[in-house]
Amino acid sequence: MGIMMLKNEKSLKIIIVGCGKVGMTLAERLSQEKHDVTIIDTNPDTVQKATTFFDVMGVTGNGASFAIQEEAGIKKADLIIAVTASDELNLLCCTIAQKVGECAAIARVRNPDYSDELSYLRKQLGLSLIINPELETAKEMSRLLRLPNAISINSFAKGHVELVKFKLPDDNILVGKQIKDVGASNMGVLICGIESEGTLDIPDGSNVFKAGDLISFIATPINSNKFFKHIGMKTKHVKDCMIVGGGKTSYYLSKQLSEMNISVKLIEKDKDNCEFLCTLLPQTLIINGDGADESLLFEEGIKETGSFIPLTGLDEENILLTLFAKKHSKAKVITKINRGTFNDVIDSLDVGSVIYPRYMSAETIIKYVRGMQNSIGSNIETLYHIFENRAEAIEFEITEESYVTGKPLMELNLKTDLLIACINRKGKIIIPRGNDTIMPGDTVVIITAHTGFKDVRDILK
């Protein structure tokens, strides 16, 4: 089913089946965006919690039941999102919903057995979208291992351009310089965010770099490498990786890293799972042992490894293992966090790149929801919440002429706290200046401290 084009201001009636971490995040975000949200879950306490904390309605029961869906209002719904713990139940929920109503449908499907069949399933079942959080998490991690100095990398224009964040070392040549004196624009690089001492600036040329700043820039992958080399920072991707835990994300990540010619050592304490992974991942060295055992980590070479990624089911264990690796090695570390609490504590720890899979899933779905609301003139291609959710990076596809097309950017009456960061014109990446224009057929990346943009014309005052 394609994107349904509705009036820009129309709120949607959305049903969410399953109120785990992703379901709760969606209930919060979509209700904040003023949609009419109803959640379905078999656990009455979970339903009560969601309806108490968020502006949503709740129904207790099996989301695949016609009667329960009818009680939730499926016949008038615009969208159903099934994110229970069961892939099969999610697909069944969506199938039943489409038989009863005329809504769009999104299912979460996580099992590696289905990973090569997602496109087929989506087409055959008429789904608008299938999301796989573990697969997307693995893709994000593999991007970070390609550019070890990056804390985060967000991809736009089908991978042709990236928003990269890094921490400025004390002795770097940028310290004390103004943006305009660095010459980043001459390298096809646009500095688009500086986080310093808890504050966020969407900067102009006068901002001065300070040691410890978190700097975000947008550029092509090639120009990202050139910029890091220019400022004296490491650019070569890691050669090996140690992973602790043998779950779905570990499987997807190991497979991707092997394809990148990065050697992988995976530690898993369940013997049966080790044997299963050995058949699925012939190029990965699978070790049966407790990844939280210090002596085992030393024995397997944690001091020499190029990267270390704990992927256990416990946030606390992931954080402790990351801190241990930071203390005993120079490895690039990535920490996966499932819960969304204690963010200020996590931010104060030196745990490398932090990835929240539930936010990645939520952003994919919110992008689709905003696309359903769009005017016909532009569609949202990509959406990220960035700078600790204080800003958004949105990529719009420009499908027709409007108030923002054909005019030099300097003549547009833009909102404050907003940056036109990149124009993709048929594969040519333009880091825009005042004389550049937006044209139909382009995709445009906007960085903004505002939230809720649904159309490119929202950039205007």
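The values are calculated or read from the model by the stated rules, or taken from the named source; none is laboratory data. What you see is a predicted model; the values in this text were computed from it and never measured. A quick note on method: Cβ atoms are made from the backbone with ideal geometry, for glycine too, and the neighbour counts reach across all protein chains shown. When the accessible area is computed, the model is the full protein with side chains, heavy atoms only, and any ligands, DNA or RNA have been set aside. Shrake-Rupley method; radii C 1.70, N 1.55, O 1.52, S 1.80 Å.
Mind listing the phi-derived Karplus ³J(HN,Hα) values for the range 401-408, rounded to whole Hz, using 6.51, -1.76 and 1.60 with θ = phi - 60°, and x for any glycine or proline?
Per residue, the Karplus-derived 3J(HN,Hα) values read 5, 7, 4, 9, 9, x, 10, x Hz.
Going 7 Å from the Cα of residue 293 along its beta-carbon direction, which residues of the range 306-332 have the amide nitrogen within less than 15 Å of the resulting point?
Within reach of a label on residue 293: no residues.
Nearest 20 debye, what's the magnitude of the dipole of the range 75-210 about its Cα centre given +1 on Lys and Arg Cβ and -1 on Asp and Glu Cβ?
It comes to approximately 340 debye.
What is the distance in Å between the Cα centroid of the range 420-460 and that of the range 56-104?
So the two Cα centres are separated by 36 Å.
How big is the shadow of the Cα convex hull of the range 131-180, averaged over all directions, in nm²?
That works out to 5.0 nm², a quarter of the Cα hull's surface.
Mind scanning 158/336; 165/332; 167/330 and naming the pairs with a C-alpha gap bigger than 18 Å?
158/336
Evaluate 2.2 N^0.38 Å with N set to the residue count of the range 42-97, then give the Cα radius of gyration divided by it.
1.11
Modelling each spin label as a point 7 Å along the Cα-to-Cβ direction, I'd like the residue 401/residue 326 distance in nm, to one decimal.
5.4 nm
Where does the range 1-130 land on Rg(C-alpha)/(2.2 N^0.38 Å)?
Scaled against compact globular proteins, the figure is 0.99.
Run lengths n ≥ 4 of DSSP H only: what is the helix-derived mean residue ellipticity at 222 nm for the chain, with -39500 (n - 2.57) per run over all residues, to the nearest 500?
My calculation for the chain gives -9000 deg cm²/dmol from helical runs alone.
Tabulate in residue order the Karplus-calculated ³J(HN,Hα) for the range 249-265, using 6.51 cos²θ - 1.76 cosθ + 1.60 with θ = phi - 60°, rounded to whole Hz; enter x for Gly and Pro.
Working through the residues one at a time gives 4, 4, 4, 4, 5, 4, 4, 5, 5, 4, 5, 8, 6, 9, 6, 10, 10 Hz.
Taking the Cα centre as origin and putting +1 on Lys and Arg beta-carbons and -1 on Asp and Glu beta-carbons, what dipole magnitude results for the chain, to the nearest 20 debye?
It comes to approximately 1200 debye.
Which value, in debye to the nearest 20, describes the size of the charge dipole of the range 1-153 about its Cα centre when Lys and Arg Cβ atoms bear +1, Asp and Glu Cβ atoms bear -1, and nothing else is charged?
Its charge dipole is roughly 400 debye.
Report the one residue of 371, 452, 349 whose Cα lies farthest in the direction of the positive end of the charge dipole of the range 347-461 (charges on C-beta: Lys and Arg +1, Asp and Glu -1; origin at the Cα centre).
So the residue we want is 371.
What ranking of 458, 116, 315, 201 comes out by heavy-atom accessible area, probe 1.4 Å, highest first?
116, 201, 458, 315
For the chain, what are Rg and Dmax over the alpha carbons, in angstrom?
Calculated on Cα positions, Rg and Dmax stand at 22.7, 65 Å.
Report the label-to-label distance for residue 121 and residue 390 in nanometres (one decimal), using points 7 Å from each Cα along the Cα→Cβ vector.
That separation, rounded to one decimal, is 3.9 nm.
Out of all DSSP beta bridges in the chain, what portion is antiparallel? Express it as a percent rounded to 5.
For the chain, the DSSP antiparallel bridge percentage is about 55.
Evaluated at 10 °C with a viscosity of 1.306 mPa s, what Stokes-Einstein diffusion coefficient in µm²/s does the range 113-263 have when Rh comes from the Kirkwood expression over alpha-carbon pairs?
It comes out at roughly 91 µm²/s.
Which cross-chain or sequence-distant (5 or more) residues have an amide H under 5 Å from the amide H of residue 244, H modelled 1.01 Å from N in plane?
Residues meeting the criterion, in which the H sits 1.01 Å from N, are 267, 309, 311.
Report the Cα-based extents of the range 190-294 along its three principal axes, largest first, to the nearest Å.
Sorted largest first, the three principal extents are 59, 30, 22 Å.
Send over the Kirkwood Rh of the range 70-121, from the inverse of the averaged 1/r over different Cα pairs, rounded to one decimal Å.
Hydrodynamic radius (Kirkwood, Cα only) of the range 70-121 equals 11.5 Å.
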